[in-house]
Amino acid sequence: MELGEVLEAVEGRGSAEAVERVLARYNDENRAIFRFDPVDEDKRKKLCEGILNILDKDTKTSFQVACLETLRILSRDKKVLVPVTTKRNMQILMRLAKLDTVEDPLERVSEFPVIVEALKCLCNIIFNSAVAQKLSLELNLAAMLCKLLEKCKDQQFADDIKCFDLRLVFLLSLLHTDIRSQLRQDLQGVQVLTQALESSLSVKWTEEYKAVEDRDRPPLSLQETDCAIEALKALFNVTLDSWNVHSKNESHQFRYMAAILRHCLLTTGPTEDKTEELHSNAINLLSNVPVSCLDVLISPSSQEETDIKYNGMNMAAIQVVLDFMEKRIDKGSSYREGLTPVLSLLTECCRTHRNIRKFIKAQVLPPLRDVSSRPEVGTTVRNKLVRLMTHVDLGVKQIAAEFLFVLCKERVDSLLKYTGYGNAAGLLAARGLLAGGRGEHWYSDDEDTDTEEYKSAKPNINLITGHLEEPMPNPIDEMTEEQKEYEAMKLVNMFDKLSRDELIKPMGVRPDGTMAPLEEAVNQYQTNKQESSDSD
């Protein structure tokens, strides 16, 4: 359908019914359009203005919905939003979304499609326009959205409204740091959004911080899942930098949130992809929860609740996170965005909570029996994580190595047993532990026990590769002394040439375990030895 024909109808050359039919036809033809012809840019701007003029008048519901659908399609184009992003036009859309009468209850179900379409338009406009983002702060849009959320809480048929309300809160908190602060500090945004999440998941409680676990409950509907995902994303933005909990009330709020997130991890969506998206956003949000509040993820287990337990604690949620981590490793792409959040969460949980660490270690680093293969070769979770220790992405290999190091209670000898020196060298060099030792954090004194198979193989394990190697014949055994001397001088000359050409730089390990040029490292050892003998 020609844009000129639509513009002509909107500018007043037809009845309201005729204009509605024209807009409905345009909407059907352009519903999936996201790229627009630059030639028609001025016509689209005029069409936006004409539609907003119609929406400013009192018209019937179906006509309003058609106008808003057209505006939503047009607002995908950033270049036509100049006439839209004025205070007057934003207020028109806010009025249609019932954001200017937040004290009145949502009673007329017939108005819900108008509210939803108006919220969709606001989402597009705020996402695509910096001017609209500034106006939203001036118009106190975040406060009105929070009040609308509270009205939707007990309102039947209002799930679509809640979903797009949450999406709008997410966008505002993502794009405007002042609004993020306002939501967190002035509008009780964490509490409001947590309640919205709880409502979307239909959480029922047995006691404080413990939700009902029903193994037979059906999956969430698509609408419920989408609402929960939008709430999780909005909460993630609002709770950024929440590691330090300063008050009892804040601690309660985050523990309450962690209990809902535990329920979320044990919930499935309508499809496998939706379940993964739901769990991904729940894990991202758990990364913002203060680590002291994450003990809520596990709880004393009764016999009927779950088969996944350790030391009398219910580990079902931790198992879901572990399975999620392995799925993300198996995907083999987008590790930085998809894998590092879950690895960071598991690392902090293991560092702080002993039962979680011991449960995860039993699965990721079980007692070694077969050491005939390199640690990075194989299909176990350990093999997959060791492979990541030499990944090209620095952030990925650091967090994978840190996770394994924490599982080993930050003991170098234990880490080397599971990974080999070659795979662990990067982490040890970065932490100044090339000479051995342990990290800074304190862990319980329970000892790891080696299997009989490992003890018998240990003397023949290659410490660099971390696996059992067959004895290799020594190539210099059959050489004469003159041949040995010749090969040694040849090697010295090769190193000397590479060093003079600055292709390599001889390095050594300082007394503190960090790397340094060889000459500097030797001098430090000599200085330390001299000081030690002087003190004697």
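Here are some notes:
- ARG255 meets each of the listed conditions (1) more than 19 Å from LEU343 (Cβ to Cβ); (2) of a type outside the set (A, V, I, L, M, F, W, C); (3) not in a helix (DSSP H, G or I) apart from (3).
- Any hit, segment 356-372, residues being touching a His at 6+ places or on another chain (Cβ under 8 Å), surrounded by 15 or more Cβ atoms within 10 Å (Cβ to Cβ) and in a loop (DSSP other than H, G, I, E, B): yes
- Count of segment 410-430 residues, restricted to those that are free of Cβ contacts under 8 Å to residues at least 24 places away in the same chain and either within 13 Å of VAL364 (Cβ to Cβ) or in a loop (DSSP other than H, G, I, E, B) (or both), is 1.
- Identity of the residue in segment 467-500, surrounded by 11 or more Cβ atoms within 10 Å (Cβ to Cβ), closer than 30 Å to LEU368 by Cα and out of contact with any helix residue (DSSP H, G or I) (no Cβ under 6 Å at 6 or more places or on another chain), that ends up modelled with the highest pLDDT: HIS467
- Top-ranked residue of segment 306-328 - restricted to ones that are touching a Lys or Arg at 6+ places or on another chain (Cβ under 9 Å) and surrounded by fewer than 19 Cβ atoms within 10 Å (Cβ to Cβ), ranked as nearest to ARG217 (Cα to Cα): THR306
Matching residues to (1) within 21 Å of the chain's Cα centre (by Cα); (2) at negative phi; (3) surrounded by fewer than 22 Cβ atoms within 10 Å (Cβ to Cβ); (4) in a helix (DSSP H, G or I):
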{"position": "VAL190", "(1), (2), (3), (4)": "yes, yes, yes, yes"}
{"position": "SER199", "(1), (2), (3), (4)": "no, yes, yes, yes"}
{"position": "VAL203", "(1), (2), (3), (4)": "no, yes, yes, no"}
{"position": "LEU232", "(1), (2), (3), (4)": "yes, yes, no, yes"}
{"position": "LEU240", "(1), (2), (3), (4)": "yes, yes, yes, no"}
{"position": "GLU250", "(1), (2), (3), (4)": "no, yes, yes, yes"}
{"position": "ARG262", "(1), (2), (3), (4)": "yes, yes, no, yes"}
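- Each residue in segment 393-409 was checked for being open to solvent by 20 Å² or more (accessible area, probe 1.4 Å) and assigned to a loop (DSSP other than H, G, I, E, B), and 1 pass.
- When each of GLU348, GLU337 is tested for being within 16 Å of LEU404 (Cα to Cα) and in a helix (DSSP H, G or I), the lone residue that passes is GLU348.
- Pairs, first touching a residue at least 40 places away in the same chain (Cβ under 8 Å) in segment 141-154, second among the basic types (Lys, Arg) and open to solvent by less than 50 Å² (accessible area, probe 1.4 Å), C-beta under 6 Å, six or more apart: CYS152/LYS162
- Look at segment 1-24: where a residue is assigned to a loop (DSSP other than H, G, I, E, B) and a partner is not basic (Lys, Arg), sitting 6+ places away or on another chain with Cβ atoms under 7 Å, you get MET1/TYR26; MET1/GLU29; GLU11/GLY50.
- Scanning segment 132-144 for residues that are out of contact with any Lys or Arg (no Cβ under 8 Å at 6 or more places or on another chain), open to solvent by 10 Å² or more (accessible area, probe 1.4 Å) and either under 11 Å from MET90 (Cα atoms) or of a type in the set (S, T, N, Q) (or both) yields GLN133, ASN140.
- Within segment 73-93, the residues that satisfy the criterion of being of a type outside the set (S, T, N, Q) and open to solvent by less than 10 Å² (accessible area, probe 1.4 Å) are ILE73, LEU74, VAL80, LEU81, VAL84, MET90, ILE92, LEU93.
- Any hit, segment 274-294, residues being out of contact with any Ser or Thr (no Cβ under 8 Å at 6 or more places or on another chain) and in a loop (DSSP other than H, G, I, E, B): no
- Flag for LEU407 being more than 29 Å from LEU261 (Cα to Cα) and either in contact with a helix residue (DSSP H, G or I) (Cβ under 8 Å, 6 or more places away or on another chain) or touching a residue at least 60 places away in the same chain (Cβ under 8 Å) (or both): no
- When the test is whether a residue is assigned to a helix (DSSP H, G or I) and open to solvent by 70 Å² or more (accessible area, probe 1.4 Å), LEU503 does not pass it.
The values are calculated or read from the model by the stated rules, or taken from the named source; none is laboratory data. Fair warning: this is a prediction, and the values are worked out from it, not measured in the lab. Positions of Cβ are backbone-derived with ideal geometry, glycine not excepted, and every protein chain shown enters the neighbour counts. With ligands, DNA and RNA removed, areas are computed over all heavy atoms of the protein, side chains included. Shrake-Rupley method; radii C 1.70, N 1.55, O 1.52, S 1.80 Å.
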